[in-house]
1. Return the only residue of 579, 636, 608, 645 being at pLDDT below 90 and in contact with a helix residue (DSSP H, G or I) (Cβ under 9 Å, 6 or more places away or on another chain).
2. I'd like to check which helices (runs of 4 or more DSSP H) are fully inside the range 600-699 and have at least 3 residues that are in contact (Cβ under 8 Å) with a residue 24 or more places away in the chain, closer than 24 Å to residue 569 by Cβ and not assigned by TED's automatic domain parsing to the domain that holds residue 489.
3. Could you please find all residues in the range 491-522 being in contact with a strand residue (DSSP E or B) (Cβ under 6 Å, 6 or more places away or on another chain) and closer than 17 Å to residue 597 by Cα?
4. With the checklist (1) surrounded by 12 or more Cβ atoms within 10 Å (Cβ to Cβ); (2) under 14 Å from residue 632 (Cβ atoms) in hand, flag the one item residue 659 doesn't pass.
5. Hey, among the residues in the range 229-255 that are assigned to a helix (DSSP H, G or I) and free of Cβ contacts under 8 Å to residues at least 24 places away in the same chain, which one's nearest to the chain's Cα centre (by Cα)?
6. Could you please let me know if residue 617 is more than 20 Å from residue 465 (Cα to Cα) and surrounded by 17 or more Cβ atoms within 10 Å (Cβ to Cβ)?
7. When you scan the range 44-55, do you find a residue that is farther than 27 Å from residue 225 by Cα and within 45 Å of the chain's Cα centre (by Cα), even just one?
C-alpha cells in the first residue's frame, strides 16, 4: 500500500503551472476535480488546489466548481456550504456538480455522527437526480447510488435496500470504468452482507476486489475503506488475528490520523473489534483513549457508540460482564443520540450477553426474545442468529433442553444456506459445547446430571457461584471475605478431611494457633448458614470430625472436585468417549478465573488446567482409535486456547485434521510455530516437526 496520499501534479497540470496557463489549469480542474470527488480521491483534489493559492486575489473570481471542491475536500465538510452549492448548481443546470454537492452534503452528516434526521431532505435530492441520470455521467450516477445506500443503512437501518443500491453503484461504476468505485462497492456491499449473515458472498466479493486494490488508478481512500471492511470480515468470521493485521496495515500509514472522520473512526473501530475478540484489554483501552480524544469533542455519537460497544466486548471476553453491561448501555445511549437505527443493533447483542453472564437469566431471556424479532425485521440476520444461540444457551442453563434445542435450530435456520451459526463475542467452542450438552446420547453416564442433583452445588470453574436449593450466591456479591476464602481453601484442599491446622495456616498465617482456630470456628459457623434466612435450619453440607472438615457428599457437589476425580478415573480406566467428553465439559473456564487474591488459588488453577489438557489428549487418543476424530477437535482447540505453548496439543490437533482437512493441519502448524517463536523465541520441537512432515510441510 502507498505510504502517502499526497501526490505530485498530474499531467497536464504541471505544464500549465510552468507556463502560467491558469485559465486552462482551472478549466481542467473544474472537469477532472469532480471525477476525483466521485472516486473519493480527495488527496488529488487537495494537491491540485494548492497551486491556486498562489494566484488567489481579491480581483480573481474562481468558478463555483473550484470553490465547491475547496470546501468538499476539507476534513470536516461544512453542511451549510454544501446546501448553497447544491442549490446553485441546480439553478444553473450544472447537474454533474449538483451530484457532487449532494454526496458532499450526505458525507458531512455521516462524518458528524449525529442528527441523522438531516439525511431526509438530501435523500430526496438524490432520488430527484437519479430520475434525471441521463443528464449526468455514469461516474456521477455511481456516486449517487453509493451515498443513497449510506443513508439507507445508517439513517434508515434498511440493510436490504442499502445492498440493492450498492449493486446499482457497481453497475454504474463498471459503465464508468471506475476501478476506485468498484473497490468501494466491495467494501460497502460486503459490510451489508456481513450483517445479513451472507459471509460467503462477502468473502467472494472481497477476494475479487483485492486484485483491483493493487491497481494504481484506485484511490487511496477507497483502498482504506476496503481494508477496514476486510478487517471486520475476518473478525466476524472468527479470525480476529487476521482482522487485526489487515487493519494495522492502514492504521500504520503516516497520514492515517489526518483522515476524515468515517475512515478514521471505522479503521480504529474495527481494530477495537478485533482486539476485543482477542481479549486484549490493554490495547483496547490504549486505542480507546485515542478515539475518545476525537469523538467526544466532536460529539460524534455514532462512532462514540461503536467505541463503547467494542470496549464492552473486551470486558465480556475477560469475564467482567458487569463492566461489559455498562459499556453496552452507554453504546445504546450514544447510538440513540446519533439518531441512527443501526447504532443500537450491535450493542443490543452485547447487552443481552452481559445479562446472561451475570446470571440474570430471566432478564436476558426477555431481552433477547424482543430483539430477535427486531433484528429479523431489519434484516440483521447475523445478529438474530447470534441472539437465538444465546437464548438456546439460556434455556439450557435453566434446565429447559427442549426449548434450547428449538432455538438452536432457529439460530441455524436464520442463517443463509451453507453459513455456520455465528459465535459473536463468544469462544470458538461455545456452539460445540452447547450442541454436545443438548444432543448427547441417553446411554451416556451423565456426570453433569449427578452434579446438578445435589442440594448444594458449587461452581468453581469461571466465577464462583453457590446454589443452595433455589438460592444463588455469587462470588462478587458475597461480603464475608474470610468465610468465602474458607470455602475456596476447602475446595483447593479436596473437600475431604481437611485439617484445622491446614486451614488455619492458610487463612490466618500470622495469627497464633488458638486465635486462628477460634477464627476458623466462627467462619465455619457462618459458612454452614450460607443462603439461610433467619430461623431457617441449614442443610448439613459441612461436617467436622476430629478437627477435620469435609464437604458432605452427596449433599454437596463441587464441579472442580468432581472434574478432577472423574478425569483421573476416566483416563486410568480408558473410559468410553462420551463419559470423558461429559467430564471435560465440566471445565467451562479456568478455576476461579478472576480470583488473583491468593497464590494457592493460582497454583490450583494451573493444576486443573493441566488435568484438563491431559484429559483432552486422552480423549483425542480414544477418538482416533474409534474413528471418531471429529469429536475431539473442539476439545483440542480449547486446550490450545488454555495452553498455547503445549506442543503435544498442536501435534494431536494436526493429526486430527490430516485426513479430513489437510490445509487446516498446515495452518495449525504455522500457528504453533509463530506462537512458540513470539512467546519463547524457540523453534518447534521434534514431535511437532514430525507431525509437520506427515502433513507434507517441507522443513
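1. From the options 579, 636, 608, 645, the qualifying one is 579.
2. So the answer is 629-642, 647-658.
3. 491 - this is the single residue of the range 491-522 that is in contact with a strand residue (DSSP E or B) (Cβ under 6 Å, 6 or more places away or on another chain) and closer than 17 Å to residue 597 by Cα.
4. Among (1) surrounded by 12 or more Cβ atoms within 10 Å (Cβ to Cβ); (2) under 14 Å from residue 632 (Cβ atoms), residue 659 violates only (1).
5. Looking at residues that are assigned to a helix (DSSP H, G or I) and free of Cβ contacts under 8 Å to residues at least 24 places away in the same chain, I get 242.
6. So residue 617 fits the description; yes.
7. The answer is no, given that none of the residues of the range 44-55 is farther than 27 Å from residue 225 by Cα and within 45 Å of the chain's Cα centre (by Cα).
For every residue, the table says whether it meets (1) free of Cβ contacts under 8 Å to residues at least 24 places away in the same chain; (2) touching a helix residue (DSSP H, G or I) at 6+ places or on another chain (Cβ under 7 Å); (3) closer than 25 Å to residue 114 by Cβ.
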residue	(1), (2), (3)
322	no, no, no
331	no, yes, yes
334	no, yes, yes
345	no, yes, yes
354	no, yes, no
364	no, yes, no
367	yes, yes, no
371	yes, yes, yes
380	no, yes, yes
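The values are calculated or read from the model by the stated rules, or taken from the named source; none is laboratory data. Only a predicted model underlies this, so the values are computations on that prediction, with no experimental measurement involved. Glycine gets a Cβ as well: all are built from the backbone with ideal geometry, and neighbour counts include every protein chain shown.
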